[in-house]
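These notes are about the structure you will find just below.
The values are calculated or read from the model by the stated rules, or taken from the named source; none is laboratory data. All values reported here derive from a predicted model rather than from experimental measurement. Areas reflect the complete protein model, heavy atoms only, side chains present, ligands, DNA and RNA absent. Shrake-Rupley method; radii C 1.70, N 1.55, O 1.52, S 1.80 Å.
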Amino acid sequence: MIEAELTRLWIESLAAIPTADWRAVPDIAALPPAVRADSSLWADRFYTPEANPHARPSDVQWSYALAGEATPDAIRYIYRVAPFDLDTIETRAFAAVRLKLRAPTAATIQEAAEQILLPPESGKPWQFTFPEAFTEGCRFSTNPASSPLDIATWEDLVEGGIRAGAPYFLRFKKHLQRAGYPHLPTWFDAGFRARA
């Protein structure tokens, strides 16, 4: 499967989660310990301290959705990192950070990236190669020559695009010790799934 198709399938799998399937929880503590630990670990790698949802749990609306036939196990966190309103969906393999911007521009998307996304170890902000116009379905990337399938770690690539009129960033849960990505419908354990 080529990278563009994988990314498209992942983004569309999130959009396919029915609104009624999202179940609100009072806080992150209501989710399985392994999911909380995984999410927290990657949040420390993906987000600036100010944008880390685990560092400010009382300001975040948490929910989850169990995997369906064509959708993954997922958690969702809606919160604000001024001046940006974020609607993020996270799975075992990636996190999609959606920005509620009505008229995205390269400047506002770059500003959001610098405020929300933890830069790589070099400390230099992520620099995106943007399309000429932000039209529905367009994509942008910090490393157009790379793909989620061939990167070594999460620091090698951030992708983004426009879906349903809103820009998003896509962060990949990739590290050196693991080839590929985990199976998306198996993030929640059987006990949690039975109780949900």
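Ignoring ligands, DNA and RNA, how do Asp189, Asp38, Asp87, Asp44 rank by accessible area with a 1.4 Å probe, largest first?
Reading off the accessible areas and sorting them downward yields Asp44, Asp189, Asp38, Asp87.
For a quick check: with amide H placed at 1.01 Å from N, whose amide H comes under 5 Å from Asp73's, ignoring anything fewer than 5 positions away on the same chain?
Under 5 Å from the amide H of Asp73 lie the amide H atoms of Ala67, Thr186, Trp187, each far enough along the sequence or on another chain.
Whole-Hz Karplus ³J(HN,Hα) for the stretch 163-176, in order, using 6.51 cos²θ - 1.76 cosθ + 1.60 and θ = phi - 60°, x for Gly and Pro?
Couplings: 9, 6, x, 10, x, 9, 10, 10, 10, 10, 7, 10, 9, 4 Hz.
Please work out whether the stretch 152-196 counts as rounded, prolate or oblate from its C-alpha gyration tensor, where a ≥ b ≥ c are the square roots of the eigenvalues and a/c under 1.5 means rounded, while otherwise a/b larger than b/c means prolate and anything else oblate?
oblate
When the accessible area of the stretch 2-41 is split by element with a 1.4 Å probe, what percent falls to carbon and sulfur?
On the way: 1310 of 2110 Å².
Within the stretch 2-41, the accessible surface is 62 percent carbon and sulfur.
Just to check, using Stokes-Einstein with a Kirkwood Rh over alpha carbon pairs, what's the diffusion coefficient of the stretch 63-127 at 37 °C and 0.692 mPa s in µm²/s?
Translational D for this selection: 245 µm²/s.
Run the numbers on the chain and let me know its relative contact order in percent, using alpha-carbon pairs under 8 Å that are six or more apart.
20 percent
Using θ = phi - 60° and the Karplus curve 6.51 cos²θ - 1.76 cosθ + 1.60, what whole-Hz ³J(HN,Hα) does each residue of the stretch 110-119 get, with Gly and Pro shown as x?
5, 4, 4, 4, 5, 7, 9, 8, 4, x
Could you give the spread of the C-alpha atoms of the stretch 80-167 along their three principal axes, from largest to smallest, in whole angstroms?
For the stretch 80-167, the Cα extents along the three principal axes come out at 34, 27, 26 Å.
May I have the extent of the alpha carbons of the chain along their three principal axes, as whole Å values ordered from largest to smallest?
Per principal axis, max minus min of the Cα coordinates gives 48, 37, 32 Å.
Which cross-chain or sequence-distant (5 or more) residues have an amide H under 5 Å from the amide H of Lys174, H modelled 1.01 Å from N in plane?
Trp154
Which three extents, in angstrom, do the Cα atoms of the stretch 1-94 have along their principal axes, listed largest first?
37, 26, 25
Starting at the first residue of the stretch 15-32, write each ³J(HN,Hα) from the Karplus equation 6.51 cos²θ - 1.76 cosθ + 1.60 with θ = phi - 60°, in whole Hz, x for Gly and Pro.
These are the phi-based 3J(HN,Hα) values: 5, 7, 5, x, 3, 5, 7, 6, 10, 5, 10, x, 6, 4, 5, 6, 8, x Hz.
Quick one: Kirkwood hydrodynamic radius for the stretch 121-196, alpha-carbon pairs, angstrom, one decimal?
14.7 Å
So for the stretch 111-163, averaging the separation of alpha carbon pairs under 8 Å that are six or more residues apart and normalising by length, what relative contact order in percent results?
For the stretch 111-163, the relative contact order is 31 percent.
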